[in-house]
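Each remark here refers to the structure printed beneath this line.
Laboratory data are not the source of any read-out in this text; all were calculated from the coordinates shown. This one's a predicted model, so the numbers in the text were calculated from it and none came from an experiment. No Cβ is skipped: glycine too gets one built from the backbone with ideal geometry, and neighbour counts run over all protein chains shown.
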Amino acid sequence: MHEDNSGSETPRPASRWWREAVFYQIYPRSFADSNGDGVGDLEGIRAHLGELAWLGIDALWISPFYRSPMADFGYDVSDYCDVDPIFGDMAAFDAMLAEAHALGLRVIIDWVPNHTSDQHPWFLDAASAKSAEHRNWYVWREPDEDGTPPNNWVAAFDLTAPAWSVHPDTGEWYLHLFDPAQPDLNWDEPAVVEAMHDVLRFWLDRGVDGFRADVLHTIGKFPELPDDPPAVAGIPHCALNDVPVTHERVRAIRSLVDSYPDDRVLVGEIYLMTTQAIASYYGDGDEVHMAFNFPALYSPWSADRWRSSIEETEATLDPRGAWPTWVLSNHDNPRHRTRYDLAAQRRGEDAATTARRSEARARAAAVLLLTLRGTPFLYQGEELGLLDSEIAPGQVVDPGGRDGCRGPLPWDGTEGCGWPTGTNGNAAPWLPLPPEAGFRNRVAQQEDPGSTLHLYRRLLALRKAHPELREGDLSLLNAPDGVLAFSRHSDAGICHILINMTNESTEIDESLMPLGATVILASDMADPRGLPAHLGPDQALILSV
């Protein structure tokens, strides 16, 4: 096992691979099923790595595959150093990792430091008696005479429920910022810190390229566990928890990660609602390498809102030397195509208009995501333009109601699109397939040069061909109402990105399309001759200036 010499090692020059990379999030249950049981697995991932390399992906983020009772589908871990049999075994993980590396793909994995499963041996022991060896590994409080919880914190999955439950064996309250089956670890206990650092060493020794750290900002808590202010009543405490001691703990984690060769990376899920709060977890270049910027994730399809989000991100991160991330979809939120469609209908857009605009918006959003200054994270299926699966009430399985965005990825045009059909004795997929899977599957889109899949492939190729799109500076440009325009520029060249976020064709002047510029990509995959005078509805263009 690797010895952690982080306190004495001479720091190596910082690598920038993660700044230039495009990450692809894999949610294993829904990616690819290799054995016909209706649940995706590690061998399914390995079998399709070549297609991700063909697409132009640089790095994978794989959501949890650890042993788990699956109360939160893997984010309730019962063994951090083993693979749940539903996904395969350690040999399957090693084979997948080796093949990914052979194809030039980096691999980061989810790490869940805030809580374990209530079936983890640590908690089973802790809950057995007040004198148990692992008792202080979790957060306990004696009950008051009136039977109320120790404070007013709200749990994440049920905003009517406290973040506390009474354990029947000892009669004390235990803290769980999420589901009762996910008790919070007590990071004030040194043995917890060492055990969780050992988990990181286990996977780093195995060769992973880093971690996406789940709700990393919650591993520090004020010892007094004070009430949340009345002004934020009803907001889950996990979105409010921001405690100074956490930074010290993140610095120690970063030091451990940095002590390994080959430039491993630490990506933080800092689920706080302002860019300023998130930015603080970059530290002075000694905390996370990158943090997800959630205000941008929730930005609607609006040029004004996106302009504001970009301005705020640049103004907040750039003075710190912090590198932005951009994400439109993930396993916790409706896919951006679904989100934009629903928002448009709430604003009064009729169903016919939504049907006409839906894919165009998604294509233009792909151009936006992959040309902003920072590291983009794609969520599996974005490259196919997928909508959320339609989940009937009886099909809901997730405690947070996030099933729709987790529908299985369609691979081909067969009846089950590469998944078992649930008929003639076959297993059923664990969730329904997304709509339009008959033509929004990998095989059909690979055969169509104008497909969303080929749009993403061309965008990823453009990033590799144009250094200004990977690491150049960004300047927002003046543009007509409803159009977001910015330039990416470096010594290597200049690109203008123009995105019409309206349903109307918009005239574009020469300041945005200067003489001599050429269109190098259009979101509708059209091949314009010369410079167009108008930007079409929900159309995005990349120009080389």
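To the nearest 20 debye, what charge dipole does the stretch 471-544 have about its Cα centre, counting +1 at the Cβ of each Lys and Arg and -1 at the Cβ of each Asp and Glu?
Its charge dipole is roughly 140 debye.
What is the helix-to-structure angle for 190-206, meaning the angle in degrees between its Cα long axis and the longest Cα principal axis of the chain, kept from 0 to 90 and rounded to the nearest 10?
50
Within a 10 angstrom radius of the beta carbon, how do Val267, Val443 rank from fewest other beta carbons to most?
Val443, Val267
Which percentage, to the nearest 5, of the DSSP beta bridges contained in the stretch 156-307 is antiparallel?
Counting DSSP beta bridges with both partners in the stretch 156-307, the antiparallel share is about 35 percent.
Hey, what angle do you get for helix 336-346 against the long axis of the chain, alpha-carbon based, 0 to 90 degrees rounded to 10?
The answer is roughly 80 degrees.
Using each residue's phi in the stretch 143-160, evaluate 6.51 cos²θ - 1.76 cosθ + 1.60 at θ = phi - 60° and report the 3J(HN,Hα) Karplus result to the nearest Hz, with x for Gly and Pro.
Going residue by residue, I get x, 7, 5, 7, x, 7, x, x, 8, 9, 4, 9, 6, 6, 8, 9, 6, 9 Hz, with x marking Gly and Pro.
Over the Cα atoms of the stretch 471-544, what Rg and Dmax result, in angstrom?
Rg, Dmax (Cα atoms, Å): 11.6, 36.
Using alpha carbon centroids, what distance separates the stretch 371-402 and the stretch 17-60, in Å?
What the calculation gives is 15 Å, centre to centre.
Summing -39500 (n - 2.57) over the DSSP H runs of n ≥ 4 in the chain and dividing by its residue number, what mean residue ellipticity at 222 nm do you reach, to the nearest 500 deg cm²/dmol?
That comes out to -8000 deg cm²/dmol.
Between 0 and 90 degrees, rounded to the nearest ten: what's the tilt of helix 245-258 against the longest Cα principal axis of the chain?
70
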